[in-house]
Amino acid sequence: MSRSMATTDHNPREALGWVGVGLRHPHYRDALSETSDVNIDTRIDFVEVHAENFFAAGGMSAAILQEVSERYALSLHSTSLGLGSAAGVNDAYLSKLNALIERTNPVLISDHACFTWSHFDGHSVHAGDLLPLEYTRQNLQLMVDNVDRAQQCLGRRILVENVSAYLEFERTSLSETEFLVELAERSQCGLLVDLNNLLVNAHNFSAVDPLNAAKQWLEKIPSCLIGEFHLAGYAPVQAPDLIIDDHSRAVSEACWQLYEYAIWRNGPMATLIEWDNDLPSWNELVAEAAKARRIIDAKQNSLEVTTHV
Amino acid sequence: MFDDQTVSVEHHMSREKQTLAYRQQELVAMIYGLQKAHPKYSEGFARGLRVYQNNLLATAARALSVTYPVVDQLLGDEAMRVLTRGLLRESPPSTGDWADWGSDLGELILTTPLAQEHPFLFDVATLEWQLHEASRSLDQALEVGSLSLLADSPIEKLHIQLASSIHVMASDYPVDIIWRAHQDNDLNTHNLADELQAHQGRCYLIIHQQDDRPRLQRMTAAEYLWLADIREGLSLGELLDVHSDFDFPQWLSTALENQWIERLTETH
């Protein structure tokens, strides 16, 4: 990386054990009027926003984000870096993301292990979704190059998230975990492990025991590479329909079980509750965050007991 | 934008990377409905493809409804979905930010029977896009010191630099009335019909950002032409020559109050 991590105010380990929520438009007022409370269960350590929603240099969204960033530590989650795109990372997009990072100094920056860009007739076209990758050596090299370029340009370490996929490719020579681990080791990025995505993929690709399949997936990721967990729920469907990762429900029971396992295995990690559609009240969202905090606290307490024994 | 000949990749890539780029491009083309899934693909692949196609359409339709809330109300979900499909094909998103997408909706409407059914629709779409752009602009505060040029510089060399958020438009329809009528949930269609019936002459509008919010104001034809000539780059001296009856002091006061001016500049 050309710019050193020392140029930023935030240490990537700073957010260890923090709990946050995804901040969406209908909750702005509640989030900004929240007063600090002695009740620890209402505490939010950080909020995550979708970076593209704040690319506009001026106007109300920029003003709101400024206010939000004065109250909360911020995580910028982008969806269009397209780090696995053979067409490359879009320069203009990278430039806007960089400008937003400079304005807000986020504690975490993340995007996805997917492709989003293609070229048609010489024009850059955005695919409109997080499209799955063929897990091959060739794609791995391409993604290492793209992640390196993004990190150099942004001057920051980024976290790369495993995605929900609705297609599987025959042309795959690595497992997803092999691909992500090697990506993180070679590019020095971190991993954002979306536990809900693990369950969605396990359901959609016919795992007999999705929770167990997701646990086995997690076991293949070294703790030192994980920078954050995402937790979410989804609308149930009837087979053979695919489950859509729609973030329209409270965190599922299976996802909570997987999270307990993940924290037990990896220790406290930055954790985010994602809820993007059919939004609950702010209080309900914060209550979900409190559940995650209790699981982290239990792990921390057990670590302290172990240390003192 | 898309046509059958466009599936090509960059020439500077390695052969392996080109092949990968081609496969990724093929998937994007299938999602956009430009290319059918080859029979070699399984039923599972087709099911997954439909998920991406539905996601794309839903996300794009949602983006248009945010940018064009009044057009959305006027046309309803079904017509908007048809327009969304057409716009995705004609002008696919290219920046990664859905808020940048959709500027060509008005032009697309003109190619459909909707333009005959609702002759004011193109102008409403234009107004909404301009409001959307004004809402995202970075407006600089007035450089107050530059106002001293009014006293110190010859007006032939003096230029007015407008705020970057400003748009102006002229319409044969009272699009501001139509737009405002759809801001409330309790739209009174009878009153709106009466107002449309009573409307005479052209409607001139200025769209700008004030206090971080987009604003919409009516103006006179003289003000519209004055602003158009400022944007053409005429100096203050030339403006006053062309618009000899224009009340510049009054307009300047209004412009400063509404934050329409970024600064005065002097050319050398």
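The values are calculated or read from the model by the stated rules, or taken from the named source; none is laboratory data. These numbers come from a predicted model, not from an experiment. Here the Cβ positions follow ideal geometry from the backbone for every residue, glycine too, while neighbour counts run over all protein chains shown.
Can you name the residue in the stretch A:62-84 that is out of contact with any helix residue (DSSP H, G or I) (no Cβ under 7 Å at 6 or more places or on another chain) and of a type in the set (Ser, Thr, Tyr) and is also modelled with the lowest pLDDT among such residues? Filtering the stretch A:62-84 for residues that are out of contact with any helix residue (DSSP H, G or I) (no Cβ under 7 Å at 6 or more places or on another chain) and of a type in the set (Ser, Thr, Tyr), the one modelled with the lowest pLDDT comes out as A:72.
Please tell me if residue A:167 is under 21 Å from residue A:80 (Cα atoms) and modelled with pLDDT of 95 or more. Step through it out loud before you land on a result.
On the way: under 21 Å from residue A:80 (Cα atoms): yes; modelled with pLDDT of 95 or more: no.
In short, no.
Hey, does the stretch A:72-95 have a residue that's of a type in the set (Asp, Glu), under 18 Å from residue A:46 (Cα atoms) and surrounded by fewer than 21 Cβ atoms within 10 Å (Cβ to Cβ)? Within the stretch A:72-95 (the criterion being of a type in the set (Asp, Glu), under 18 Å from residue A:46 (Cα atoms) and surrounded by fewer than 21 Cβ atoms within 10 Å (Cβ to Cβ)), the answer is no, since none of the residues qualifies. Note on the stretch A:259-309: residues that are part of a helix (DSSP H, G or I) and among the hydrophobic types (A, V, I, L, M, F, W, C) amount to 15. Scanning the stretch A:20-47 for residues that are at pLDDT 90 or above and surrounded by fewer than 17 Cβ atoms within 10 Å (Cβ to Cβ) yields A:25, A:26, A:29, A:30, A:32.
Determine, yes or no, whether residue A:111 is in contact with a Ser or Thr (Cβ under 7 Å, 6 or more places away or on another chain) and either under 18 Å from residue B:97 (Cα atoms) or at pLDDT 95 or above (or both). Against the criterion (in contact with a Ser or Thr (Cβ under 7 Å, 6 or more places away or on another chain) and either under 18 Å from residue B:97 (Cα atoms) or at pLDDT 95 or above (or both)), residue A:111 qualifies. Against the test of being surrounded by 13 or more Cβ atoms within 10 Å (Cβ to Cβ), at pLDDT 95 or above, touching a strand residue (DSSP E or B) at 6+ places or on another chain (Cβ under 6 Å) and farther than 26 Å from residue B:100 by Cα, the options B:146, B:153, B:171, B:135 yield a single qualifying residue, B:146.
Can you tell me how many residues within the stretch B:33-64 are within 24 Å of residue B:118 (Cα to Cα) and either surrounded by 16 or more Cβ atoms within 10 Å (Cβ to Cβ) or in contact with a strand residue (DSSP E or B) (Cβ under 8 Å, 6 or more places away or on another chain) (or both)? Even if it seems obvious, please write down each step before you answer.
First, pick out the residues of the stretch B:33-64 that are within 24 Å of residue B:118 (Cα to Cα): B:60-64.
Now drop any that are not either surrounded by 16 or more Cβ atoms within 10 Å (Cβ to Cβ) or in contact with a strand residue (DSSP E or B) (Cβ under 8 Å, 6 or more places away or on another chain) (or both), which leaves B:60-61, B:63-64.
Of the residues in the stretch B:33-64, 4 are within 24 Å of residue B:118 (Cα to Cα) and either surrounded by 16 or more Cβ atoms within 10 Å (Cβ to Cβ) or in contact with a strand residue (DSSP E or B) (Cβ under 8 Å, 6 or more places away or on another chain) (or both).
Would you call residue B:178 within 24 Å of residue B:65 (Cα to Cα) and within 14 Å of chain A (Cβ to nearest Cβ)? Taking the combined requirement at face value, the residue does not satisfy it. Look at the stretch B:36-56: where a residue is more than 9 Å from chain A (Cβ to nearest Cβ) and a partner is β-branched (Val, Ile, Thr), sitting 6+ places away or on another chain with Cβ atoms under 9 Å, you get B:53/B:31.
Take the conditions (1) closer than 24 Å to residue A:255 by Cβ; (2) out of contact with any helix residue (DSSP H, G or I) (no Cβ under 8 Å at 6 or more places or on another chain); residue A:146 misses just one of them, which is (1). Scanning the stretch B:194-222 for residues that are surrounded by fewer than 13 Cβ atoms within 10 Å (Cβ to Cβ) and aliphatic (A, V, I, L, M), we see that the one that is nearest to the other protein chains (Cβ to nearest Cβ) is B:221. Going through the stretch A:63-95 one residue at a time, which ones are touching a residue at least 24 places away in the same chain (Cβ under 8 Å), over 30 Å from residue A:141 (Cβ atoms) and among the small types (Gly, Ala, Ser)? Selection gives A:69, A:73. Residue under question is residue A:105, and the condition is that it be surrounded by fewer than 20 Cβ atoms within 10 Å (Cβ to Cβ) and either of a type outside the set (Gly, Ala, Ser) or in contact with a helix residue (DSSP H, G or I) (Cβ under 8 Å, 6 or more places away or on another chain) (or both); does it hold? Against the criterion (surrounded by fewer than 20 Cβ atoms within 10 Å (Cβ to Cβ) and either of a type outside the set (Gly, Ala, Ser) or in contact with a helix residue (DSSP H, G or I) (Cβ under 8 Å, 6 or more places away or on another chain) (or both)), residue A:105 qualifies.
In the stretch B:160-268, counting only helices (runs of 4 or more DSSP H) that sit wholly within it, the ones holding 2 or more residues that are more than 25 Å from residue A:59 (Cα to Cα) and not basic (Lys, Arg) span B:189-198, B:221-231, B:236-242, B:248-257. Considering only residues in the stretch A:161-179 that are of a type in the set (A, V, I, L, M, F, W, C) and more than 13 Å from residue A:111 (Cα to Cα), the one that is nearest to the chain's Cα centre (by Cα) turns out to be A:165.
Quick check on residue B:238: is it modelled with pLDDT of 95 or more, over 21 Å from the mean Cα position of the chain (by Cα), within 14 Å of chain A (Cβ to nearest Cβ) and surrounded by fewer than 20 Cβ atoms within 10 Å (Cβ to Cβ)? Walk me through it before giving the result.
On the way: modelled with pLDDT of 95 or more: yes; over 21 Å from the mean Cα position of the chain (by Cα): yes; within 14 Å of chain A (Cβ to nearest Cβ): no; surrounded by fewer than 20 Cβ atoms within 10 Å (Cβ to Cβ): yes.
The answer is no for residue B:238.
Within the option set A:244, A:221, being within 14 Å of residue A:197 (Cβ to Cβ), of a type in the set (A, V, I, L, M, F, W, C) and at pLDDT below 95 holds for one residue only, A:244. Output yes when any residue across the stretch A:209-225 is closer than 23 Å to residue B:52 by Cα, more than 14 Å from every other protein chain (Cβ to nearest Cβ) and part of a loop (DSSP other than H, G, I, E, B), and no when none is. No.
Considering the stretch A:60-146, the qualifying strands (runs of 3 or more DSSP E), each wholly inside and each with 3 or more residues that are away from chain B (no Cβ under 12 Å) and within 18 Å of the chain's Cα centre (by Cα), run over A:73-77, A:108-112. Checked against (1) away from chain B (no Cβ under 14 Å); (2) among the charged types (D, E, K, R); (3) closer than 15 Å to residue A:202 by Cβ, residue A:249 passes all but a single condition, namely (3).
Restricted to the stretch B:81-97, and to residues that are crowded, with 21+ Cβ neighbours inside 10 Å, in a helix (DSSP H, G or I) and not β-branched (Val, Ile, Thr), which residue is nearest to the other protein chains (Cβ to nearest Cβ)?
Quick first cut of the stretch B:81-97, residues crowded, with 21+ Cβ neighbours inside 10 Å only: B:83-84, B:87-88, B:92-93, B:96-97.
Among the residues that remain, those that are also in a helix (DSSP H, G or I) are: B:83-84, B:87-88.
Restricting the remaining residues to those that are not β-branched (Val, Ile, Thr) gives B:83, B:87-88.
On the way: B:83: 16, B:87: 12, B:88: 8 Å.
Checking each candidate, the answer is B:88.
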